[in-house]
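This report concerns only the one structure given below.
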Amino acid sequence: MNLEDYQGIWVFIEIKDGQIAPVSLELLGAGRELADKRKTDLAGLVIGSSVEEFASTLFEHGADIVYMYDDELFHYYRTESYMRAVFDCSEKHKPEVILYGATPNGKDLASAVATDLPTGLTADTTILDIEEDTGLLLASRPAFGGNIMATILCKKYRPQMATVRPKVMKALPREIGRTGKLIKETINLKEEDIRTKVLEIVSETTKNTSIDEADIIVAGGKGLGSKNGFQLIHQFADVLGAAVGGSRDVVEAGWIEHHHQVGQTGLTVTPKIYFAIGISGAIQHIVGMQNSGLIIAINKDPDAPIFQTCHYGIVGDAAEVVPILIKAFEETLD
Ligand code: FAD
């Protein structure tokens, strides 16, 4: 493989519920820095149906080129068809880097593409850099339970691929009127070639706000004592109009479902306010919430590690402190 043949930084643009997924714009922000360092182009790769309208948004967020597969075949995300499109485009235009959001579809697609292209994949990256002269991507991610950061290199193969966690990179401010080159692609693929058929999409309906969109998160840990004790977290969140989060240990105890888990093996969140109640502050939890605007911790142990990360800390028993806060906020917000 001649590495010199591979040029340009690409971002797979995920379309979710008829919109560009926020992580794709974040990756264009990160990709812009890599492309400028390498003095090369930044491209967005869009796969979907009726997606042409998205090209201008991508140019305005930093893309120089948009490769587009716009076909009814791609209406729903399906591993097989999307993988074929990424493979086809990559073989044709030979990018040096392809970045994907570490979303369920992004992870699925990237790992499928990595089985077809002769290259590797770094999953769940949180820091990206590139060597200016060699073009070697430096993809860093927590390893060994979050205790060290590992920088993973793909020295001999191209494209270099990484999935990147949502909400870690920053999207560029929109530059109205910025344009680029739209390249429409087609692929020799028919509906009968695709084994998966999407019959119906069933959305999960929950009472709670989803934690990756919430401005305020009230998160609870094992310090709440029991599933019943954890109800305090729900009550407090209701008063504040907040989403409910939890540590891995409360998810494993069955006090709350996995999609509420914050941390290394859960979600990365950046709300304006994060309450960490009865949470010790293990590194695997901290990596998922440390960029929140304001962190307020409540813990009965004054030496709990969470107090190293929070902006404000209350040393006390959650069962006593939280009801006082609930009452105070109820009176204030009434
Ligand atoms: P504990 O560590 O048991 O802490 C409970 C805290 O509550 C203590 O600080 C205690 O002082 C306090 N407390 C007790 N009683 C009260 C009270 N009455 N009032 C107030 N405070 C009280 N963890 C995550 O959260 N997210 C992850 O994504 C994640 N991924 C992981 C991945 C790997 C590979 C590994 C090895 C671990 C992972 N963990 C993760 C687990 C993590 O290491 C911790 O075990 C976990 O975060 C601890 O949860 P906790 O703080 O709720 O419980």
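Residues are listed down the side, and each one gets a yes or a no for (1) in a strand (DSSP E or B); (2) modelled with pLDDT of 95 or more; (3) farther than 22 Å from Val262 by Cα:
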residue	(1), (2), (3)
Phe87	no, yes, yes
Lys107	no, yes, no
Ser111	no, yes, yes
Asp124	yes, no, no
Lys167	no, no, no
Leu182	yes, yes, yes
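Sort through Leu137, Leu121 and tell me the only one that's buried (at least 20 other Cβ atoms within 10 Å of the Cβ) and under 20 Å from Arg32 (Cβ atoms).
After applying the criteria, what remains is Leu137.
Search segment 294-310 for residues being in a loop (DSSP other than H, G, I, E, B) and in contact with a Ser or Thr (Cβ under 9 Å, 6 or more places away or on another chain), and hand back the single one that is farthest from the ligand (Cβ to nearest atom).
Among residues in segment 294-310 that are in a loop (DSSP other than H, G, I, E, B) and in contact with a Ser or Thr (Cβ under 9 Å, 6 or more places away or on another chain), the one farthest from the ligand (Cβ to nearest atom) is Pro305.
Hey, any hits in segment 12-28 for a residue that's open to solvent by 30 Å² or more (accessible area, probe 1.4 Å), touching a Ser or Thr at 6+ places or on another chain (Cβ under 6 Å) and charged (D, E, K, R)?
Looking through segment 12-28, none of the residues is open to solvent by 30 Å² or more (accessible area, probe 1.4 Å), touching a Ser or Thr at 6+ places or on another chain (Cβ under 6 Å) and charged (D, E, K, R).
Yes or no: Thr57 at pLDDT below 95 and within 29 Å of Leu267 (Cα to Cα)?
Against the criterion (at pLDDT below 95 and within 29 Å of Leu267 (Cα to Cα)), Thr57 does not qualify.
Name the single residue that is nearest to Val239 (Cα to Cα) among those in segment 315-329 being open to solvent by less than 40 Å² (accessible area, probe 1.4 Å) and touching a strand residue (DSSP E or B) at 6+ places or on another chain (Cβ under 8 Å).
By that ranking, first place goes to Val322.
Residue-by-condition table, conditions (1) within 11 Å of the ligand (Cβ to nearest atom); (2) assigned to a helix (DSSP H, G or I); (3) at pLDDT 95 or above:
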position	(1), (2), (3)
Gly223	yes, yes, yes
Val244	no, no, yes
His285	yes, yes, yes
Ser292	no, no, no
Leu325	no, yes, yes
Glu331	no, yes, no
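The values are calculated or read from the model by the stated rules, or taken from the named source; none is laboratory data. Here the structure is a predicted model, which is why all the values come from computation and not from measurement. In this analysis, Cβ positions are derived from the backbone assuming ideal geometry, glycine residues included, and neighbour counts consider all displayed protein chains. Note: accessible area is taken over every heavy atom of the protein model, side chains too, but ligands, DNA and RNA are not part of it. Shrake-Rupley method; radii C 1.70, N 1.55, O 1.52, S 1.80 Å.
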